[in-house]
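Asks: If you scroll down you'll find the structure; I have some questions about it.
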Amino acid sequence: MNSIDPLTGFLNRFGCIQTTMKLVANSTADAKPLAVIWVDLDRFKQINESFGHLGGDEVIESLGARFRNRVSGRAELARMGGDEFVFLMPNCDRNHAQQLAGELANTVEEPLAIGNLTLRPTASVGIAIHEPDEDPLALLDRADRAMFAAKSRGGNSIVCSGDEPIPGRLGITLAREELSIENNLHTALETGGFSLHYQPIIRADGSIEAAEALMRCSVGGENISPGKFIPVAEKTGLIIRLGEWSLLQGAMHARLLQDAGYHTKVAINVSRAQLVSPKFTQALHAALVCSNVKPELVELELTESLFMDISDIVQKNLKNAIAAGVGLAIDDFGTGYSCLANLKDIPAGKLKLDRAFVTVLPEDKRALAVVRAMTQLGHELGMTIVAEGCETKEQIDALLDAGVDAIQGFFYARPMPEETLLPWLQSRNDNK
């Protein structure tokens with residue numbers, strides 16, 4: 001079958017590697033170039049699904065025969081996988097390799113009859129030329145990566161190794177950076193390198209609707225941006241520990257504001273990893289108990305896709321959060337997976353419009369019309385509407401005219417350290 005059983009696949013690859021080793025040795029001894037051309041059929045899965053594996057086998061056999069005729073006497077041919085072929089070309093430089101790759105691509109595209117249909121398949125082709133002292137496996141790997149680069153461009157293309165963004169080198173750099181960030185996250189957890197900054201949300205009448213808690217990380221005096229450490233925390237699972245810490249710290253700060261006489265809600269971001277954990281409700285209750293804060297002063301901000309998650313554990317955690325008395329807010333609404341019609345089924349009391357609608361105001365009348373429509377529907381469902389990312393008076397005027405209830409953005413305040421929020425609130429009251 002075209003999928004190739006494991007033993008056959010191993011033998012094919014082993015044979016290709018052995019041949020490559022021999023040709024690399026000859027190329028080195030003769031000081032002549034050696035090219036590897038890696039061909040992968042595009043959308044071959046559709047052929048298998050449409051015609052079954054027997055039909056797929058027929059396509060592979062036909063193309064294999066075409067390839068052998070095309071490269072007879074010029075190249076060694078190996079089948080590396082169900083729809084992958086490797087051509088080893090002695091005494092072949094980059095220009096000749098590109099020429100042959102074009103011939104092979106054209107060979108694939110020649111009409112191919114299966115049953116009553118005529119197929120015109122295409123292929124992604126990667127080319128690598130042997131470099132001095134290069135290991136045979138590294139040579140094959142470069143050709144393979146060049147082929148994947150061709151496929152990532154949509155297929156039906158040819159890429160030479162060195163012309164593409166090299167996933168191997170970039171991947172190594174990225175992996176090392178992520179390992180460094182992960183190490184810094186552990187250090188920050190151990191040394192108190194995390195903190196919450198708070199950005200106020202201002203109602204139309206100038207009063208404070210809430211303050212969103214935003215996580216910050218600093219290690220050895222160096223700040224790590226959330227855009228870098230949060231994705232790593234999500235990949236490594238550390239986001240759950242960070243989320244639980246954020247829940248507790250945010251609830252404790254809400255209690256501090258409560259004791260100072262401010263009925264100001266603290267909005268805390270909750271990740272998907274937390275909501276799919278059976279321990280989320282326990283962590284939420286622990287934060288509320290330890291802080292001894294009024295539950296209504298704590299608000300959980302979740303991306304809209306989480307509200308659409310129909311899994312039992314997510315729905316249970318959302319119901320438990322509501323039962324505990326905390327508020328729920330839909331963050332970044334309008335650019336994700338939900339639509340206006342879904343709002344009726346979402347157990348949230350606040351809707352935060354994504355900044356993508358705000359940054360183009362007031363000039364973009366279509367965006368303003370969408371904001372007005374979402375605001376009106378949200379109001380009819382009893383929701384508070386917040387606009388994020390406001391930076392100009394003109395944006396705020398347009399949003400308030402559209403009926404938005406509250407504004408969050410640099411125009412009023414940038415995120416500030418927790419020790420600054422209470423004095424900021426006091427100063428704002430003194431200046432009224």
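Asks: Enumerate the amide H contacts of Glu209 below 5 Å, restricted to partners 5 or more residues apart or on another chain; note that Pro and chain-start residues carry no placed amide H.
Replies: Amide H neighbours of Glu209: Ile201, Ile202, Arg203.
Asks: Going by Cα centres, the range 87-135 and the range 144-161 are how many Å apart?
Replies: Here the answer is 11 Å between Cα centres.
Asks: Still on this structure, I have one more. Between Glu177 and Glu134, what is the FRET efficiency for a Förster distance of 30 Å, r being their Cβ-Cβ separation, to the nearest 0.05?
Replies: FRET efficiency, Glu177 to Glu134: 0.70.
Asks: Using R₀ = 51 Å, calculate the FRET efficiency as 1/(1 + (r/R₀)^6) where r is the Cβ-Cβ separation of Glu391 and Asp141; round to 0.05.
Replies: Working: r = 47 Å, r/R0 = 0.93.
In this case the efficiency is close to 0.60.
Asks: Considering all projection directions equally, how large on average is the shadow of the alpha-carbon convex hull of the range 178-430, in square nanometres?
Replies: Seen from a random direction, the Cα hull of the range 178-430 projects 13.7 nm² on average.
Asks: Here's another thing I want to ask about it. How much length is gained on full extension from Glu61 to Arg372, taking 0.36 nm per residue of separation minus their Cα-Cα distance?
Replies: 105.9 nm
Asks: Measure off 7 Å from each Cα along the Cα-to-Cβ vector at Val360 and Lys45, then give the distance between these two points in nanometres to one decimal.
Replies: 3.3 nm
Asks: Expressed as a whole number of Å, what is the distance separating the alpha-carbon centroids of the range 276-307 and the range 188-238?
Replies: When both Cα centres are located, 17 Å separates them.
Asks: Shifting gears a bit: Say R0 is 30 Å: what FRET efficiency, to the nearest 0.05, do Asn223 and Asp312 get from their beta-carbon distance? Walk me through the numbers on the way to the answer.
Replies: On the way: r = 39 Å, r/R0 = 1.31.
Once the sixth-power term is evaluated, E becomes 0.15.
Asks: Sorted from largest down, what three extents in whole angstroms do the Cα atoms of the range 204-264 have along their principal axes?
Replies: Reported extents, whole Å, longest axis first: 40, 23, 22.
Each reported figure results from applying straightforward, stated rules to the coordinates on display, with no laboratory input. Every value quoted in this text rests on a predicted model; they were computed, and no experiment measured them. Please note: Cβ atoms are built from the backbone with ideal geometry, for glycine as well, and neighbour counts cover all protein chains shown.
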